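The values are calculated or read from the model by the stated rules, or taken from the named source; none is laboratory data. The model shown is predicted, which means the values in this text are computed figures rather than measured ones. Cβ sites come from the backbone with ideal geometry, for glycine too, and all protein chains shown count toward neighbours. Side chains are part of the model used for accessible areas, which takes the heavy atoms of the whole protein and leaves out ligands, DNA and RNA. Shrake-Rupley method; radii C 1.70, N 1.55, O 1.52, S 1.80 Å.
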Amino acid sequence: MKAHVPPFLSVKPALLTTALLATFTMGAASAQAATEMPSGEHASADVDITQPIKAIDKLESLKNEQKLSLSIPKFQHFTTSNGVPVIFVQTKQLPIVDVDLRFNAGSARDESIRKQGFGLASMVADLLTKGTRDLDETAFAEATEQLGIELSSAAYKDQFVVNLRSLSDAEHLDPALSLMSSIITQPRFDAQVLERSKAQQVLALKQMMQNPSYLVSTTFSQTLYGSHPYAHSPYGTQQSIPALTRNDLQKFHDTYFVAQNATLSLTGDLSLSQAKQAAEAITQALPQGKPAPKLPNPTPIKQSKWVHVDYDSDQTSVMIGQQGYRIDPSAKGIQRGTDFSIGNEVLAGSGFSSRLMGKVRKELGYTYGIYGSMTPMQAPGPYTIRFSTRNEKADEAIAATLQTVNDTLKQGITAQEFKLTQESLINSYPMGFASNAGINGMLGVLNFNKLPDSYITDYINRVEGARIDQVNTALRDTLTPDKFIIVTVGKPDIAKNSQLQKLK
C-alpha cells in the first residue's frame, strides 16, 4: 500500500461461508425447478431441492474423511555480513521472488527529527520510489517498467516497509535488487518532486477531512493516546506537511535506514545460496547505525469518555475502544493473543455469526456491519469496534454495542461458539500460504517483531489446544468497557438521559 493511501480505504472483506451462499441461492430458486446438469443438460424429472440428497449415504469417501493437514514451508534463517537478520522461504511453483525490507522507522518517529513534523515518514515513503542519485523520477519509472517489477514503500505507525516483486531469473532479479538497494541507500529526494508531493498530500488531507471514517479514526487516536507518538496520523496535517524540508527527509533516512534497524524477508524461486547473495545485494551498502530506541508506554486511560465531531451527514460514524496490548514474543504472550483472538472472533469478528453482528445488525437493524479488532504494536496498540448507523439510531446502537460487550464478559462465550470459531480459524489459516506475497508478509511480521517461528508454525496447535475458560479469561482481562473511548462523527440524536451525556 502506498504511503499516501488512507488506511480506511483498505478494508478486509467479510468471508461468506459456502452454507450462506447456498442459502442465498436456495432463496432465489423454486423448490420445483428443473436442476441444471454440469453439461448444460436438464434432469428428466423435477427434483425437490429442499429435501436431503439420498445419494450422499452411498458416498463412502465422506464417511472416511481424514483430518486436513497443512504443510508449513521451511523457514531458513541467516544474517547478512553487516548484521541484518533474514528469513527465507524457498518456493518453486512460480519463477518469482518477493522481498520485504522493514525498518523500525514509522510515523511514531516523525517528531524525533522535527518537532510536530507529522507526516515525515509518509513523505519519505512517497519520495523513496521517485528517483535515486543516478536516476531522476522519469528514468527511475522507466527502469522499473522495463524490468516489469513492483517496487513500493509505505510508512505505518511502527514501521517502514519496502517491498519488491521480480522474476527470479538473474536477467531480471539482479538489476531489480540493485534498484532496490539504490532507493534505500541513495534516495534522490528531489526538491521539485518534494514540493509537488507536499502539495498533493495537503490536497489529499483536505479531501480526507471530508471523510467521516478518517475523522473518526484520527479523533479516536488523538483521544486515546494524547501526547504519545501513536496519537497523530501517519499522513500528517495540513499544517505540518508544508513545513517539511528535504533536509528533514534526508535526516530521517540517515537516522533510521541502517543495518542495525533493519530486518529482511525473502520468498521465492531461489536456492539458499542465491537468497544469501540477494540479501547481500540489498543490504551491503547500508551503514551500521543504531537501532531505534524503544517507544514509550502511553498514559493509561482511567475512565470512559465520549468525544463528538459534528459532521453534516445522515449517518453517524462510531468508533469505540481502548488501549490494548503490545506484541509479546514470549510463549505465554503468544498464547494469550491466540486466546483473545478466538474470544474476539465470537464477540466482534467479521462474520455474520459474531455477537455484535447478530445483535446490532441482524436483530436491531442499526447497521450494515460492525467489527472489532486488536492491533498489537511495539507499544500497546488499540482495540477498536467500529460501525456506522443512522443519526436517529446512534444512541441506541452504541448502547446495544456496550451491552453486548458487557454481557459477553459477564457470561462468557458458549461451548458451541467456541467450537465453531476454532474450526473457522483453523480452516481459514491455510489461505495465508496461498501466495508468495502472503507467505512473505507473514515472514516480514515475524522478523520485524522478533517473534519465534512457532508464532506461525504452531498456530493451529494453539487454536486446537485453547480452552474455553482461558479464552473467556483473556477477554475479561483485556477488555475494560468502563474505560472505553467512544467517538462519534455526524449528527447523532443523543437523548438527554443517555449514558453518553455523562461521559463528556
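Structural remarks
- Test result for L443, among the aliphatic types (A, V, I, L, M) and open to solvent by less than 20 Å² (accessible area, probe 1.4 Å): yes
- The set of residues in region 142-170 being outside any loop (DSSP other than H, G, I, E, B) and of a type in the set (A, V, I, L, M) consists of A143, L147, L151, A154, A155, V161, V162, L164, L167, A170.
- Top-ranked residue in region 340-366 [being on the phi < 0 side of the Ramachandran plot and not in a helix (DSSP H, G or I); ranked as most open to solvent (accessible area, probe 1.4 Å)]: S353
- Helices (runs of 4 or more DSSP H) contained entirely in region 220-309, each with at least 3 residues that are open to solvent by less than 20 Å² (accessible area, probe 1.4 Å), at pLDDT 95 or above and not acidic (D, E): 246-256, 272-283
- Of the residues making up region 130-167, just one is among the hydroxyl-bearing types (S, T, Y) and over 21 Å from R102 (Cα atoms), namely T138.
- Yes/no for S182 being crowded, with 21+ Cβ neighbours inside 10 Å and under 30 Å from Q277 (Cα atoms): no
- Selected residue (only one of F433, F448, F484 is under 19 Å from G333 (Cα atoms) and either touching an Asp or Glu at 6+ places or on another chain (Cβ under 7 Å) or not hydroxyl-bearing (S, T, Y) (or both)): F448
- Scanning region 455-501 for residues that are open to solvent by less than 70 Å² (accessible area, probe 1.4 Å), over 28 Å from K410 (Cα atoms) and of a type in the set (S, T, Y) yields a single hit, T457.
- Odd one out for P452 among (1) touching a residue at least 24 places away in the same chain (Cβ under 8 Å); (2) open to solvent by less than 40 Å² (accessible area, probe 1.4 Å): (2)
- Of the residues in region 125-134, at least one is part of a helix (DSSP H, G or I) and open to solvent by 10 Å² or more (accessible area, probe 1.4 Å).
- Number of residues in region 134-176 that are under 30 Å from K294 (Cβ atoms) and of a type in the set (S, T, N, Q): the value is 4.
- Residue count for region 332-362, restricted to those that are aliphatic (A, V, I, L, M) and either in contact with a Lys or Arg (Cβ under 9 Å, 6 or more places away or on another chain) or free of Cβ contacts under 8 Å to residues at least 12 places away in the same chain (or both): 4.
- Pair list, Cβ < 8 Å and 6+ apart or interchain, from region 476-489 residues that are among the acidic types (D, E) to residues that are open to solvent by less than 40 Å² (accessible area, probe 1.4 Å): D482/S304
- Qualifying residue in region 260-283 (condition: over 25 Å from G438 (Cβ atoms) and under 26 Å from the mean Cα position of the chain (by Cα)): yes
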